[in-house]
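Structure first, commentary second.
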Amino acid sequence: MAKITKAVIPAAGLGVRMLPAAKAVPKEMMSIVDKPAMHYQIKEAVDSGITDILIITNRGKGAIEDYFDYSPEYEKKLLASGKEDVLREINEIAEMANITYLRQKAPKGLGHAVWCAKSFVGNEPFAVLYGDDVIESETPTTKSLIDLYEKYNKLTVGVREVTREQIVKYSSLDATEVDKDIYVCRDMIEKPTPDKILSCLSILGRVVLPPEIFAVLENQAPGAGGEIQLTDAMATFARADGIMAYKFPGIHHDMGSKLGLLKANISYGVKHSEIGEEFTEWLKEYVKTL
């Protein structure tokens with residue numbers, strides 16, 4: 001099996017939950033301390049062995065391209081100020097991976113966004129990192145899923161347990177544990193009604209897909225919300241031959257919500273090499289005032 005080196009990041013959503021800021025700043029570019037959320041996703045992909053990344057965008061997402069590009073204006077300013085170390089850091093951002101961009105011209109759902117990557121992917125398995133999800137983990141979650149895919153040669157998804165109140169907003173899996181935190185999934189449903197919940201295991205932000213997914217997506221009927229759902233396409237594989245699911249460790253941040261953004265800033269902020277200690281002390285004192 002060829003090494004998995006390609007990843008797709010769907011980032012075409014409007015970010016309605018992040019209004020009014022999302023009118024001017026793509027939700028994927030909202031800052032976690034001093035880096036946008038998308039930076040952490042790209043780094044996870046690169047640390048997982050990915051070399052080529054396609055970001056699916058939409059109108060108003062030009063800030064993503066600008067961030068992962070060189071900046072002559074900053075280069076001139078930083079060189080004049082003798083800040084070569086800062087310049088080196090921002091130039092490394094532009095050199096993280098081979099990044100290309102494609103617009104999803106109509107809001108037809110996550111499944112359609114992934115289908116748009118068909119020509120980029122070709123006949124290779126590939127990773128998908130959902131644009132709303134940032135994961136803090138000692139071992140990159142994408143790397144763990146790639147390893148599992150290569151071991152079993154099956155579509156692989158990253159999952160976590162959520163509450164019954166939350167599961168109706170996500171996907172629900174019919175899965176059996178076969179090893180520690182590793183499951184075989186035989187069915188799944190997107191945004192289940194309470195009477196159709198299969199379990200409280202849900203896909204949260206990371207999957208590794210075979211190229212055969214495109215043939216399924218090509219004919220996939222609209223599902224929940226009238227959109228082409230990637231979950232529905234993956235369910236076809238689960239029902240036919242089973243797929244693998246990995247309950248990944250670490251901290252999952254929902255960057256499509258205001259609360260998720262705040263939690264991510266606190267979690268990364270207390271660990272930040274420059275401000276972490278001072279921020280932690282301030283946070284301790286602030287909490288005492290509540």
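What follows draws every value from the coordinates through simple rules; no lab data is involved. Not measured: the values here are computed from a predicted model. For neighbour counting, all protein chains shown are included, and Cβ atoms are generated from backbone atoms with ideal geometry for every residue, glycine included.
What is the local net charge at Ile167, summed over the other residues whose Cβ is closer than 13 Å to its Cβ (Lys, Arg +1; Asp, Glu -1)? Present the calculation step by step, with values, prior to reporting the outcome.
Details: positive: Arg160, Arg164, Lys169, Lys191, Lys196; negative: Glu161, Glu165, Asp174, Glu190, Asp195.
Cβ neighbours under 13 Å give a net charge of 0.
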| field | Antiparallel content of DSSP bridges confined to the range 48-193, in %, to 5 | value | 55 percent
| Kirkwood hydrodynamic radius of the range 6-268, from inverse mean 1/r over distinct Cα pairs, in Å | 19.0 Å
| query | Computed FRET efficiency, Cβ-Cβ of Thr51 and Ser273, R0 22 Å: what is it to the nearest 0.05? | reply | 0.20
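Dipole of the range 146-193, Cα-centred, from +1 at each Lys and Arg C-beta and -1 at each Asp and Glu C-beta, to the nearest 20 debye?
Numbers: 8 positive and 10 negative charges, 29 e Å.
For this selection, approximately 140 debye.
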| message | Report the Cα centroid-to-centroid distance between the range 137-164 and the range 53-106 in angstrom, as an integer. | response | 29 Å
| note | Taking a crude spin-label model, label points 7 Å out from Cα along the C-beta direction, the Ile93 to Glu73 distance in nm is 1.3 nm
| request: Between Val178 and Ala224, with labels modelled 7 Å along Cα→Cβ, what's the label distance in nm to one decimal, could you check? | output: 2.5 nm
| query | Could you put Cys185, Cys200, Cys116 in order, starting from the residue whose Cβ has the fewest other Cβ atoms within 10 Å? | reply | Cys200, Cys116, Cys185
| note | For the range 6-268, whose charge dipole is built from +1 on Lys and Arg Cβ atoms and -1 on Asp and Glu Cβ atoms, the candidate among Ala240, Gly111, Pro140 with its Cα farthest towards the positive end is Gly111
| remark: Farthest towards the positive end of the dipole of the chain, among Val184, Tyr170, Pro125 and with Cβ unit charges of +1 on Lys and Arg and -1 on Asp and Glu, lies the Cα of Tyr170
| Dipole of the chain (Lys/Arg Cβ +1, Asp/Glu Cβ -1, origin at the Cα centre): which of Asn219, Leu54, Thr231 lies farthest to the positive side? | Asn219
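Restricting to bridges with both residues inside the range 6-268, how much of the DSSP beta-bridge set is antiparallel, in percent to the nearest 5? List each step's numbers first, then the result.
On the way: 27 of 44 bridges.
Antiparallel bridges: around 60 percent, rounded to the nearest 5.
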| message | On a full-extension model of 0.36 nm per residue, what is the gain between Glu65 and Glu161, subtracting their alpha-carbon distance, rounded to one decimal in nm? | response | 31.2 nm
| Rounded if a/c under 1.5, otherwise prolate or oblate - the range 49-99, Cα gyration tensor axes | oblate
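Of the cross-linked pairs Lys61/Lys118; Lys143/Lys284; Lys61/Lys151; Lys180/Lys258, which ones have a Cα-Cα span greater than 31 Å in the structure shown? Don't jump to the answer; show the numbers that get you there.
Working: Lys61/Lys118 21 Å; Lys143/Lys284 35 Å; Lys61/Lys151 37 Å; Lys180/Lys258 33 Å.
Exceeds cut-off: Lys143/Lys284; Lys61/Lys151; Lys180/Lys258.
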